[in-house]
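Here's the structure, in structure tokens; my notes come after.
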Number of protein chains: 2
Amino acid sequence: MDLPAGFSAHVANIGIKDATDDFVVVAADRPVPAAAVFTRSRFAGPSVELSRAHAADGTLQAVVVVSKNANVATGEQGRSDATELVAGVAGSLGCRPEDVLVASTGVIGRPYPMDRIRSHLAAMPAPTGDVTLDRVAEAITTTDTHPKTAGARLRTLDGGEATVVGVAKGVGMIEPDMATMLAFVLTDAEVDAATLDTEFRWVVDRTFNSLSVDTDTSTSDTAAVLAGGAAGPVDPADLRRAMLEVCTDLTRQLAADGEGAETLLVVTVDGARDDEQARRVAKSIVNSPLVKTAVHGADPNWGRVAMAVGKADDVDDVHPDRVRITFGDTEVYPTLLDDAALAGLESYLRLDEVRIGVELGVGSGAWTVYGCDLTDGYVRINADYTT
Amino acid sequence: MDLPAGFSAHVANIGIKDATDDFVVVAADRPVPAAAVFTRSRFAGPSVELSRAHAADGTLQAVVVVSKNANVATGEQGRSDATELVAGVAGSLGCRPEDVLVASTGVIGRPYPMDRIRSHLAAMPAPTGDVTLDRVAEAITTTDTHPKTAGARLRTLDGGEATVVGVAKGVGMIEPDMATMLAFVLTDAEVDAATLDTEFRWVVDRTFNSLSVDTDTSTSDTAAVLAGGAAGPVDPADLRRAMLEVCTDLTRQLAADGEGAETLLVVTVDGARDDEQARRVAKSIVNSPLVKTAVHGADPNWGRVAMAVGKADDVDDVHPDRVRITFGDTEVYPTLLDDAALAGLESYLRLDEVRIGVELGVGSGAWTVYGCDLTDGYVRINADYTT
């Protein structure tokens with residue numbers, strides 16, 4: 001997949017941890033409308049602090065990503081290193097530091113190898129338009145098993161075509177309650193910064209913010225969109241649809257590639273008092289270790305789904321007698337299936353994607369969240385990850 | 001360990017699931033002061049509903065426990081079965097149904113085998129004082145690897161001695177945010193119901209409610225205390241201390257026996273704005289799958305502890321530069337240990353009990369919570385548990 005018109009990139013290995021690509025710059029040909037959301041962690045690193053400030057005016061020209069080192073919990077040194085990195089990239093591109101967003105994920109509590117970063121910046125080649133999106137996606141990964149890209153097209157107002165593309169990374173420490181892992185969306189659609197911000201937040205809420213691998217919120221979560229404008233103006237509703245398509249695709253890829261995951265878990269709650277209640281209950285289900293292990297074991301143990309509904313916050317208006325639970329298209333509660341029918345559901349639970357539905361019987365609020373099963377693989381990966 | 005003076009018990013196998021004991025009645029010799037706390041799950045079963053009503057007046061004479069079947073999500077049939085069970089026990093003991101507390105844990109969504117319960121009640125022998133506490137503890141278990149009992153002594157006001165004993169069960173679906181798994185405390189101390197209620201809630205808050213195995217809140221959580229009075233009146237502060245000793249002991253046993261657990265994890269947060277903030281942050285740490293797997297892998301990955309502090313609710317006044325993190329007695333942040341020193345911590349993390357300490361640098365609030373590591377064993381147990 002190619003970068004949209006008006007964007008260029010530079011990808012390199014500068015030896016942050018090993019010999020794989022770990023340094024990425026994506027640049028627009030000038031300062032362009034942009035929007036970004038970030039982790040709400042109190043342990044957010046200097047990358048998030050700087051980027052939050054730089055994105056606040058709705059304009060960015062470039063994004064720099066350092067992977068394999070989060071530059072988090074590194075104190076004053078970390079702040080100074082992040083500022084120097086951003087200044088170096090801005091100097092190389094000939095843009096303002098305030099128009100550069102920086103993101104970094106990887107190990108926490110280790111300073112950047114600044115000697116390597118400095119020598120690379122001193123001789124950094126100009127970004128080019130022929131770097132593929134796949135190469136960008138690969139370079140931002142840490143422990144992802146594969147790079148994640150997505151694309152969509154939309155009509156421009158003058159009858160032409162614009163594109164929206166996205167990359168994302170992240171397999172663990174993922175419960176982006178307010179933001180997300182790293183995800184970058186680029187479009188050549190022309191749109192003002194305020195509209196872009198509104199539409200992007202609406203989309204992020206329904207995609208990256210509805211994803212949870214393990215309830216653990218990263219200190220580095222960042223999602224940003226840059227709208228270059230080369231393709232001309234578009235209907236904001238069309239842009240929203242295209243961004244929703246791209247971000248939903250990336251979210252499903254992230255969930256399916258969750259650490260150790262073997263099954264993509266999609267939980268939809270409807271009949272809630274409002275969307276917010278539906279989201280809370282859906283998160284309670286998708287995050288329940290007992291639900292996640294039941295899915296892993298292909299066990300149609302709907303009692304655990306009932307438990308997860310019951311423990312959710314603010315569900316006083318939910319009455320067990322009005323709740324309905326489905327696995328795929330099969331109702332399992334209150335119609336109590338017999339053992340033979342439950343056993344029949346096991347083959348459904350062995351599919352790569354499992355859908356759990358809960359109808360709360362209260363109102364018309366609805367929400368869908370994305371997660372994955374909990375496996376021995378998750379435990380092995382995280383018990384063995386080296387500080 | 002023996003029952004306190006004034007209490008008797010009956011333990012039997014009535015074939016709820018297999019040939020192990022699954023039916024327990026513990027009775028005082030008359031209606032006595034009692035207190036109880038329950039799950040706040042909206043999917044609480046009829047046992048919890050009935051017991052909540054029966055404990056409300058501060059008086060109970062007996063507790064009946066059916067294990068291996070939770071009688072949850074069983075609709076009208078479940079309510080009717082629970083009422084019949086309580087009436088049968090009351091009839092057999094010659095007490096009021098309103099003075100009987102009923103608790104039940106095990107599989108969700110299956111009606112009781114009422115034929116077996118009915119025939120047992122029809123011929124139930126009278127409880128006796130020579131049933132040991134260990135036998136009671138064993139009979140209330142489901143998948144616990146061993147029964148859990150604890151005891152403490154205290155002085156009575158007239159210079160004699162009273163005892164407090166307790167039993168508890170539960171290995172998974174344990175995050176008793178407001179109540180707990182099954183735990184029963186008996187004492188021959190004499191105390192009025194209002195004092196007993198106040199002291200018991202204080203103790204439960206600091207013990208069972210500070211325990212989490214897997215963030216999943218059971219539909220059946222019940223903790224109750226009955227004060228028989230045979231030993232005579234006591235100082236409430238002494239009773240609180242004795243109950244705290246018994247319940248802390250049981251809580252540590254529950255945490256250490258968490259499903260698949262190999263390590264007891266004790267997390268203390270101090271320097272918080274207030275106790276409540278300390279508790280929230282401590283829970284965020286003890287529940288983090290990444291912290292739990294790091295402990296399992298004996299990996300001194302304190303960055304995950306920082307992450308868990310950062311993602312906790314309502315920590316806007318916590319500043320990373322003022323936070324201090326310890327493993328055992330060793331500070332790991334902000335003093336960044338070198339790789340050799342971190343490697344040295346690995347042997348500490350291989351002990352049966354690991355203590356993580358976090359000083360928030362905000363105020364003087366403090367709280368301790370109990371949990372366990374997350375292991376392949378947890379996944380195996382819960383992926384294979386049969387509906």
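The values are calculated or read from the model by the stated rules, or taken from the named source; none is laboratory data. Remember, it's a predicted structure, so these values are computed and weren't measured experimentally. A quick note on method: Cβ atoms are made from the backbone with ideal geometry, for glycine too, and the neighbour counts reach across all protein chains shown.
Details
- Within segment A:24-44, being away from chain B (no Cβ under 11 Å), surrounded by 24 or more Cβ atoms within 10 Å (Cβ to Cβ) and touching a Lys or Arg at 6+ places or on another chain (Cβ under 9 Å) holds for A:V24, A:A35, A:A36, A:V37.
- Taking segment A:343-387 as the range and being of a type in the set (F, W, Y) and within 11 Å of chain B (Cβ to nearest Cβ) as the test, the residues that pass are A:Y378, A:Y385.
- Flag if A:L351 is within 26 Å of the chain's Cα centre (by Cα) and part of a loop (DSSP other than H, G, I, E, B): yes
- Test result for A:R96, at pLDDT 95 or above, surrounded by fewer than 19 Cβ atoms within 10 Å (Cβ to Cβ) and not aliphatic (A, V, I, L, M): yes
- Single residue of segment B:45-58 satisfying the filter (in contact with a helix residue (DSSP H, G or I) (Cβ under 7 Å, 6 or more places away or on another chain), of a type outside the set (A, V, I, L, M) and more than 10 Å from every other protein chain (Cβ to nearest Cβ)) that is farthest from B:D188 (Cα to Cα): B:P46
- Summed over segment B:345-358, residues that are touching a helix residue (DSSP H, G or I) at 6+ places or on another chain (Cβ under 8 Å) and either more than 17 Å from B:I285 (Cβ to Cβ) or modelled with pLDDT under 90 (or both) total 1.
- Scan of segment A:309-344 for residues that are at pLDDT below 90 and among the small types (G, A, S), ordered by number: A:G310, A:A312, A:A340, A:A341, A:A343, A:G344
- Candidate set: segment A:315-329, residues that are of a type in the set (A, V, I, L, M, F, W, C) and at the interface with another protein chain (Cβ under 7 Å from one of its Cβ atoms); chosen: the one nearest to A:E276 (Cα to Cα): A:V315
- When B:A237 is tested against (1) closer than 25 Å to B:L351 by Cα; (2) away from every other protein chain (no Cβ under 14 Å); (3) more than 21 Å from the chain's Cα centre (by Cα), exactly one condition is not met: (1).
- Take the conditions (1) within 21 Å of A:G78 (Cβ to Cβ); (2) more than 9 Å from chain A (Cβ to nearest Cβ); (3) aliphatic (A, V, I, L, M); (4) within 25 Å of the chain's Cα centre (by Cα); B:A308 misses just one of them, which is (2).
- Scanning segment A:349-366 for residues being over 15 Å from A:I325 (Cα atoms) and of a type outside the set (A, V, I, L, M) gives a total of 6.
- Filtered by the rule that a residue be under 19 Å from B:S347 (Cβ atoms), more than 11 Å from every other protein chain (Cβ to nearest Cβ) and crowded, with 24+ Cβ neighbours inside 10 Å, segment B:258-300 gives a lone residue, B:L265.
- Whether a residue is surrounded by 23 or more Cβ atoms within 10 Å (Cβ to Cβ) and either among the aliphatic types (A, V, I, L, M) or outside any loop (DSSP other than H, G, I, E, B) (or both) was assessed, and A:S47 passes this test.
- Positions within segment A:106-148 being crowded, with 21+ Cβ neighbours inside 10 Å and in a strand (DSSP E or B), in sequence order: A:K148
- Odd one out for B:L244 among (1) outside the structural domain of B:T293 (by TED's automatic domain parsing); (2) among the aliphatic types (A, V, I, L, M); (3) over 18 Å from the mean Cα position of the chain (by Cα): (3)
- Residue tally, condition within 14 Å of chain A (Cβ to nearest Cβ) and of a type in the set (A, V, I, L, M, F, W, C), over segment B:83-139: 2
- Unmet requirement for B:A122, which otherwise passes all of (1) without any contact (Cβ under 8 Å) to a residue 60 or more places away in the chain; (2) within 16 Å of the chain's Cα centre (by Cα): (2)
- Residues (in contact with a Pro (Cβ under 8 Å, 6 or more places away or on another chain) and either within 14 Å of chain A (Cβ to nearest Cβ) or aromatic (F, W, Y) (or both)) located in segment B:59-68: none
- So A:V332, is it more than 20 Å from A:A282 (Cβ to Cβ), surrounded by 22 or more Cβ atoms within 10 Å (Cβ to Cβ) and either within 10 Å of chain B (Cβ to nearest Cβ) or in contact with a helix residue (DSSP H, G or I) (Cβ under 9 Å, 6 or more places away or on another chain) (or both): no
- Qualifying residue in segment B:64-83 (condition: under 18 Å from B:R118 (Cα atoms), touching a His at 6+ places or on another chain (Cβ under 8 Å), in a strand (DSSP E or B) and among the aliphatic types (A, V, I, L, M)): no
- Comparison of A:L121, A:L133 shows that the only residue that is at pLDDT 85 or above and closer than 21 Å to A:F208 by Cα is A:L133.
- Residue satisfying condition, being in contact with a Pro (Cβ under 9 Å, 6 or more places away or on another chain) and of a type in the set (A, V, I, L, M, F, W, C), within set A:A308, A:A294, A:A312: A:A294
- Pairs are defined by a Cβ separation below 8 Å, a sequence spacing of at least 6 or placement on different chains, a first member in segment B:54-80 that is assigned by TED's automatic domain parsing to the domain that holds B:V185, and a second member that is at pLDDT 95 or above and of a type in the set (K, R); the pairs so defined are B:Q61/B:R96.
- Hey, B:L157 closer than 28 Å to B:A366 by Cβ, modelled with pLDDT of 90 or more and not in a strand (DSSP E or B) or not: no
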